[in-house]
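Trainee: Got a structure for you, written out below as structure tokens; questions coming shortly.
Computed from the coordinates by the stated procedures, all read-outs in this text should not be read as laboratory data. Please read all numbers here as calculations on a predicted model, not as lab measurements. Cβ placement follows ideal geometry from the backbone for every residue including glycine, while neighbour counts extend to all protein chains displayed.
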Amino acid sequence: MENVRTENRDGVLIVTVDRPKVLNALNAQTVNELRQAFEAAREDDAVRCVILTGGGEKAFVAGADIGELSLMTPITGKATAERGQRIFHSIERFPKPVIAAINGFALGGGCELALACHIRIASDKAQLGLPEVTLGIIPGYGGTQRMARLLGKGKALELILTGDRIGAEEAERIGLVNKVVPADQLMATAEEMGRKIMSRGPLAVRAAIEAVMSGSEMPFEEGQFLEATLFGLLASTDDMKEGMKAFLEKRTADFKNR
Ligand code: COA
């Protein structure tokens with residue numbers, strides 16, 4: 001892969017979008033490489049958590065590649081949006097935790113990529129926004145849907161219609177990011193949170209992601225049905241027995257992903 005780097009640090013896969021000359025803009029090749037990276041990580045038992053970040057000092061991802069977008073036709077435009085939506089959906093439904101470490105500009109497709117992650121941690125230098133209307137388009141990688149679900153329609157429309165960029169503190173205040181930390185602590189904070197999640201029962205973590213991400217797209221009753229089914233399913237695992245036994249024996253659980 002040319003534009004996406006991966007490094008497995010003892011179970012935490014760091015996925016870096018790395019085209020710093022264009023602030024890590026997502027051209028078709030980069031989107032495809034992201035797909036490859038996540039497909040490989042899905043099957044790889046040595047990967048237990050993913051942290052997604054941007055190469056260089058300035059950007060997480062500054063959006064879709066405007067050079068490429070400027071050439072789109074109605075047909076290729078629709079296909080581009082559908083391909084991006086499919087890949088971002090697979091990130092959102094990834095069975096292991098995915099944390100966005102937002103190290104700079106997260107604009108347009110970059111903001112949409114962060115929205116597809118399970119948890120967002122931002123450096124105090126980060127700026128986020130959906131500036132598509134300034135280019136005469138709208139977000140096309142799920143941003144209109146995920147932003148409205150995360151923030152409510154009012155705030156989502158304000159950001160989408162103005163195209164304004166907001167700083168990390170404001171993003172935290174409105175719930176767009178979970179946490180803001182000094183730039184030099186970003187990766188350590190993301191890794192620490194990833195490792196904390198990795199210390200929990202992995203099958204339970206997987207079920208929790210599914211219950212929240214799939215369940216919240218269902219009518220409430222069906223979401224609750226999914227929750228109860230997954231809850232019951234976990235009773236069949238060795239990890240449940242170990243987790244409860246360890247509690248009763250006042251020791252740390254040794255989960256085996258079984
Ligand atoms: N697509 C393609 N190229 C991009 C890009 C994008 N989304 N974002 C930045 N770049 C390129 C710039 O064209 C520039 O290339 P050049 O050095 O060949 O001129 C390089 O990255 C550096 O960007 P520059 O604009 O000079 O940096 P800046 O610090 O002055 O501004 C931004 C940073 C992020 C504010 C500005 O680059 C920007 O507005 N980018 C577009 C954001 C956007 O609209 N994204 C949504 C796309 S749907």
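Trainee: Hey, what number do you get for the chain at 222 nm if only DSSP H runs of n ≥ 4 count, each worth -39500 (n - 2.57), divided across all residues, to the nearest 500?
Mentor: Working: 11 runs with 123 residues, N = 258.
Result for the chain: -14500 deg cm²/dmol, rounded to the nearest 500.
Trainee: Still on this structure, I have one more. Taking the Cβ of each residue in Ser216, Ser199 as the centre, tally the other Cβ atoms inside 10 Å and list the residues starting with the fewest.
Mentor: Neighbour counts put them in this order, fewest first: Ser216, Ser199.
Trainee: Would you mind telling me which residue in Met213, Met193, Met244 has the biggest mean-square fluctuation in a Gaussian network model of the chain, where springs connect alpha carbons within a distance under 10 angstrom?
Mentor: Checking each option, the largest mean-square fluctuation is seen for Met244.
Trainee: For the stretch 36-45, take each phi angle, set θ = phi - 60°, evaluate the Karplus expression 6.51 cos²θ - 1.76 cosθ + 1.60, and give the result in whole Hz per residue in order, putting x for glycine and proline.
Mentor: Karplus values, whole Hz, x for Gly and Pro: 4, 4, 6, 4, 5, 5, 4, 7, 8, 5.
Trainee: For the chain, with a Gaussian network of springs between Cα atoms less than 10 Å apart, report the residue from Ala40, Ala168, Ala64 with the top mean-square fluctuation.
Mentor: Of Ala40, Ala168, Ala64, the Gaussian network model singles out Ala40 as fluctuating most.
Trainee: Out of the stretch 223-255, which trypsin sites (Lys or Arg not before Pro) are coil in DSSP terms and have no more than 16 other C-beta atoms within 10 Å?
Mentor: Values: sites: Lys241, Lys245, Lys250, Arg251; in loops: Lys250, Arg251.
Counting only loop positions with at most 16 other Cβ atoms within 10 Å, the trypsin sites (Lys or Arg not before Pro) in the stretch 223-255 are Lys250, Arg251.
Trainee: What is the dipole size for the stretch 56-188, taken about its Cα centre, with +1 at each Lys and Arg Cβ and -1 at each Asp and Glu Cβ, in debye to the nearest 20?
Mentor: Using only the charged Cβ atoms, the result is roughly 480 debye.
Trainee: Based on Cβ point charges of +1 for Lys and Arg and -1 for Asp and Glu, what charge dipole magnitude is obtained for the stretch 84-150 about its Cα centre, in debye rounded to the nearest 20?
Mentor: So the magnitude is around 240 debye.
Trainee: With a ≥ b ≥ c the root eigenvalues of the C-alpha gyration tensor of the stretch 1-105, is it rounded (a/c under 1.5), prolate (a/b larger than b/c) or oblate?
Mentor: oblate
Trainee: Do any GluC sites (Glu not before Pro) in the stretch 153-256 lie in a loop, going by DSSP, with at most 12 other beta-carbon atoms within 10 Å of their beta carbon, and if so which?
Mentor: Glu249
Trainee: If I histogram all Cα-Cα distances within the chain using bins 5 Å wide from 0, what percent of pairs lands in each bin?
Mentor: Answer for the chain: a P(r) of 1, 6, 13, 17, 18, 17, 12, 8, 5, 2, 1, 0, 0 percent.
Trainee: Are there GluC sites (Glu not before Pro) in the stretch 37-124 that DSSP marks as loop and that have at most 13 other Cβ atoms within 10 Å, and which are they? Provide the component values of the computation, followed by the final result.
Mentor: Numbers: sites: Glu39, Glu43, Glu57, Glu68, Glu82, Glu92, Glu112; in loops: Glu57.
Answer by residue number: Glu57.
Trainee: In the chain, with Lys and Arg counted as +1 and Asp and Glu as -1 at Cβ, which of these residues, Gly175, Tyr141, Gly63, has the Cα nearest the positive end of the dipole, that is, farthest along it?
Mentor: Ranked along the dipole, the leading option is Gly175.
Trainee: Against the globular-protein guess of 2.2 N^0.38 Å, express the Cα radius of gyration of the stretch 67-182 as a ratio, rounded to two decimals.
Mentor: This ratio for the stretch 67-182 stands at 1.03.
Trainee: While we're on this one: What does the charge dipole of the chain about its Cα centre add up to, to the nearest 20 debye, if the Cβ of each Lys and Arg holds +1 and the Cβ of each Asp and Glu holds -1? Don't skip to the answer; put the middle values down first.
Mentor: Details: 32 positive and 35 negative charges, 55 e Å.
In debye, rounded to 20, the chain gives about 260.
Trainee: How many percent of DSSP beta bridges within the chain run antiparallel, rounded to 5?
Mentor: Values: 9 of 31 bridges.
About 30 percent, rounded to the nearest 5.
Trainee: Based on the alpha-carbon gyration tensor of the stretch 178-258 and its eigenvalue square roots a ≥ b ≥ c, which shape applies: rounded if a/c is under 1.5, prolate if not and a/b is larger than b/c, or oblate?
Mentor: oblate
Trainee: Once both labels are modelled 7 Å past Cα along the beta-carbon direction, what's the His89-Ser216 spacing in nm?
Mentor: In this crude label model, His89 to Ser216 measures out at 1.7 nm.
Trainee: Counting Lys and Arg as +1 and Asp and Glu as -1, what is the net charge of the other residues whose Cβ lies under 12 Å from the Cβ of Arg35?
Mentor: Working: positive: Arg42, Arg83, Arg86; negative: Glu33, Glu39.
My count for the surroundings of Arg35 gives +1.
Trainee: Another one. Please work out the Cα center distance from the stretch 1-37 to the stretch 186-201, rounded to the nearest Å.
Mentor: 20
Trainee: Return one quarter of the surface area of the convex hull spanned by the alpha-carbon atoms of the stretch 57-111, equal to its mean projected area, in nm².
Mentor: On the way: hull surface 17.5 nm².
Approximately 4.4 nm², given one-decimal rounding.
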